[in-house]
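Enquirer: Structure provided below as structure tokens; questions to follow.
The values are calculated or read from the model by the stated rules, or taken from the named source; none is laboratory data. These numbers were taken from a predicted model, which means no experiment stands behind them. In this analysis, Cβ positions are derived from the backbone assuming ideal geometry, glycine residues included, and neighbour counts consider all displayed protein chains.
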Amino acid sequence: MTCREKIVVAMSGGVDSSVAAALLKERGRDVVGISLQLWNYSQAADSRFGTCCSLDDLADARRVADCIGIPFYILNLEREFRRDVVDYFVDEYMKGRTPIPCTLCNQKLKFDELFNKAEGFGFSRVATGHYASIVKDASGRFAVRRGRDRAKDQSYFLFNLSQGQLSRLEFPLGDTEKGEVRRLARALDLTVAEKAESHEICFVPDNDYAGFIARERGEAAFAEGEIIDARGEVLGRHSGYPSFTVGQRKGLNLGGLKEPLFVTRIDAEKNQVVAGPRRELARRRFNVMNVNWSLPPEGPVEADVQIRYRHRGAPATLTPLGEERWQVMFAEPEYAIAPGQAAVFYRDDVVLGGGWIE
């Protein structure tokens, strides 16, 4: 790698991607910043300032690019975002599943499209502000490793990247703590040094998933139905199963019960929400589909499996079922294994692979 190798940096307008771009420029790289315009925020009730990829964020990214002295472009991918991320998100909820739009956005837009555009500019590599690293094993295959700052680690969202993508990706913040990133931003006099982080899905105002789905599919998508227990006995009524996800406790509105109940299953075809005590959320075995391996095993393998972003991961045995499907068997029961979420397989903080919970 030459010190003047050209690299495109995905700039969201936040402190992380801004510092990543500045660090690469300081290291002598030929840097171009690109922001992705993904959603028409004029449709929302507010301006969505301060949330991921808003118009305000695009302006912040441009100011940072001017400050550090790099070219900057905005790519409009609203059509692709609607097709590959938003429609998928709504479809999954209508199937009674719990989607992760950020993971698909990473794969389909923040990397696929960025690489396409980078090649058009004659650039070979892409960088982002993700808290993760890329490693290479003895066979020459690439994999994602957890970020050093475990509280900010984003490796869970990167399991489905291809070898071609990983071979040309850089994560400059992988070995940096969040506090150090803030300090660097202040030292570089970046306007985003104190900017708050976004914790919302960018296209869902106020985290109101149900309201968003209702606007997308109409109120008919929220037909009333039964809340039942594991034996099929009716416990109450719900006002639309897309309002629920496995493991949820709030919103069931079932009074007079001896113990708290949680959503244990959603039956979209029957328009039923199944509820039960917490113990009924415990499972050891489940299947994963569309598995992508960075470091593929030759057969059954032991790994730590993470079943949602804030899950700590737990030991499990993975067994192939064919057609990119694998069975996961935890050593001990885990709770709230939700269809539609990702199951990501780790060994020593390195992502072996991952897939989608059936």
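Enquirer: Within the set of pairs 6+ apart or on separate chains, which have a first residue in the stretch 68-97 that is within 30 Å of Val31 (Cα to Cα), a second that is assigned to a loop (DSSP other than H, G, I, E, B) and basic (Lys, Arg), and C-beta atoms under 6 Å apart?
Expert: That search, which allows pairs on different chains as well, returns nothing.
Enquirer: Can you say whether Leu36 is at pLDDT 75 or above, over 19 Å from Arg125 (Cβ atoms), assigned by TED's automatic domain parsing to the domain that holds Lys195 and surrounded by 15 or more Cβ atoms within 10 Å (Cβ to Cβ), as far as the supplied structure shows? Lay out the reasoning, then the answer.
Expert: Working: at pLDDT 75 or above: yes; over 19 Å from Arg125 (Cβ atoms): no; assigned by TED's automatic domain parsing to the domain that holds Lys195: yes; surrounded by 15 or more Cβ atoms within 10 Å (Cβ to Cβ): yes.
So Leu36 fails the test.
Enquirer: Okay, moving on. Here is a list: Lys152, Lys178. Which entry is closer than 22 Å to His311 by Cβ, of a type in the set (D, E, K, R) and in contact (Cβ under 8 Å) with a residue 40 or more places away in the chain? Working first, answer last.
Expert: Working: Lys152 fails: in contact (Cβ under 8 Å) with a residue 40 or more places away in the chain.
Result: Lys178 is the single residue among Lys152, Lys178 that is closer than 22 Å to His311 by Cβ, of a type in the set (D, E, K, R) and in contact (Cβ under 8 Å) with a residue 40 or more places away in the chain.
Enquirer: So, in the stretch 184-223, exactly how many residues are surrounded by 13 or more Cβ atoms within 10 Å (Cβ to Cβ), modelled with pLDDT of 90 or more and under 14 Å from Ser17 (Cα atoms)?
Expert: Counting residues in the stretch 184-223 that are surrounded by 13 or more Cβ atoms within 10 Å (Cβ to Cβ), modelled with pLDDT of 90 or more and under 14 Å from Ser17 (Cα atoms) gives 8.
Enquirer: Another question, if that's okay. Report, by residue number, each residue of the stretch 287-316 that is assigned to a strand (DSSP E or B), more than 18 Å from Glu358 (Cα to Cα) and of a type in the set (A, V, I, L, M). Working first, answer last.
Expert: Step one: filter the stretch 287-316 for residues assigned to a strand (DSSP E or B), giving 287-293, 301-306, 314-316.
This time we only want the ones that are more than 18 Å from Glu358 (Cα to Cα), so: 301-304, 314-315.
Scanning the stretch 287-316 gives Val301, Ala303, Ala314.
So that you can scan it fast, the table gives a plain yes or no per residue for (1) surrounded by 17 or more Cβ atoms within 10 Å (Cβ to Cβ); (2) touching an Asp or Glu at 6+ places or on another chain (Cβ under 6 Å); (3) of a type outside the set (A, V, I, L, M, F, W, C); (4) farther than 19 Å from Ala143 by Cβ:
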position	(1), (2), (3), (4)
Pro297	no, no, yes, no
Met329	no, no, no, yes
Ala336	yes, no, no, yes
Val344	yes, no, no, no
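Enquirer: Filter the stretch 167-180 for residues that are out of contact with any strand residue (DSSP E or B) (no Cβ under 8 Å at 6 or more places or on another chain) and either within 22 Å of Ile7 (Cβ to Cβ) or assigned to a strand (DSSP E or B) (or both) and give the result.
Expert: At the first step, the residues of the stretch 167-180 found to be out of contact with any strand residue (DSSP E or B) (no Cβ under 8 Å at 6 or more places or on another chain) are 173, 176-180.
Leu173, Thr176, Glu180, listed by residue number.
Enquirer: Condition first: of a type outside the set (Phe, Trp, Tyr) and over 23 Å from the mean Cα position of the chain (by Cα). Can you find one or more residues in the stretch 148-165 that meet it? Walk me through how you get there before you give the answer.
Expert: The first filter runs over the stretch 148-165 and keeps only residues of a type outside the set (Phe, Trp, Tyr), leaving 148-155, 158, 160-165.
So of that shortlist, the ones also over 23 Å from the mean Cα position of the chain (by Cα) come out as none.
So far as the stretch 148-165 goes, no, none of its residues is of a type outside the set (Phe, Trp, Tyr) and over 23 Å from the mean Cα position of the chain (by Cα).
Enquirer: Here is a follow-up. Scanning the stretch 317-341 for residues that are charged (D, E, K, R) and part of a strand (DSSP E or B), which turns out farthest from Met289 (Cα to Cα)?
Expert: Glu332
Enquirer: Report yes if some residue within the stretch 231-252 is surrounded by fewer than 18 Cβ atoms within 10 Å (Cβ to Cβ), among the hydrophobic types (A, V, I, L, M, F, W, C) and either free of Cβ contacts under 8 Å to residues at least 24 places away in the same chain or touching a Leu at 6+ places or on another chain (Cβ under 9 Å) (or both); otherwise report no.
Expert: Within the stretch 231-252 (the criterion being surrounded by fewer than 18 Cβ atoms within 10 Å (Cβ to Cβ), among the hydrophobic types (A, V, I, L, M, F, W, C) and either free of Cβ contacts under 8 Å to residues at least 24 places away in the same chain or touching a Leu at 6+ places or on another chain (Cβ under 9 Å) (or both)), the answer is yes, since at least one residue qualifies.
Enquirer: Restricting the search to the stretch 89-122, which residues are among the charged types (D, E, K, R), within 16 Å of the chain's Cα centre (by Cα) and part of a helix (DSSP H, G or I)? It would help to see each step written out before you state the result.
Expert: Narrowing the stretch 89-122 to residues among the charged types (D, E, K, R): 91-92, 95, 97, 108, 110, 112-113, 117, 119.
Now narrow it down to the ones that are within 16 Å of the chain's Cα centre (by Cα): 92, 97, 108, 110, 112.
Glu92, Lys108, Lys110, Asp112 - these are the residues of the stretch 89-122 that are among the charged types (D, E, K, R), within 16 Å of the chain's Cα centre (by Cα) and part of a helix (DSSP H, G or I).
Enquirer: Sticking with this structure for a sec: Step by step: first the residues of the stretch 123-156, then only those that are in a loop (DSSP other than H, G, I, E, B) and among the small types (Gly, Ala, Ser), then the one that is nearest to Phe171 (Cα to Cα). Which residue is that? Talk me through it step by step, then tell me what you get.
Expert: Filtering the stretch 123-156 down to residues in a loop (DSSP other than H, G, I, E, B) leaves 123-124, 128-131, 137-141, 147-154.
Subset that is among the small types (Gly, Ala, Ser): 124, 129, 138-140, 147, 151.
Numbers: Ser124: 15, Gly129: 6, Ala138: 21, Ser139: 22, Gly140: 19, Gly147: 9, Ala151: 17 Å.
Within the stretch 123-156, the match that is nearest to Phe171 (Cα to Cα) is Gly129.
Enquirer: Given the conditions (1) of a type outside the set (Asp, Glu); (2) part of a helix (DSSP H, G or I); (3) more than 25 Å from Gly354 (Cα to Cα), and given that Gly164 satisfies all but one, which numbered condition is not satisfied?
Expert: Here Gly164 clears every test but (3).
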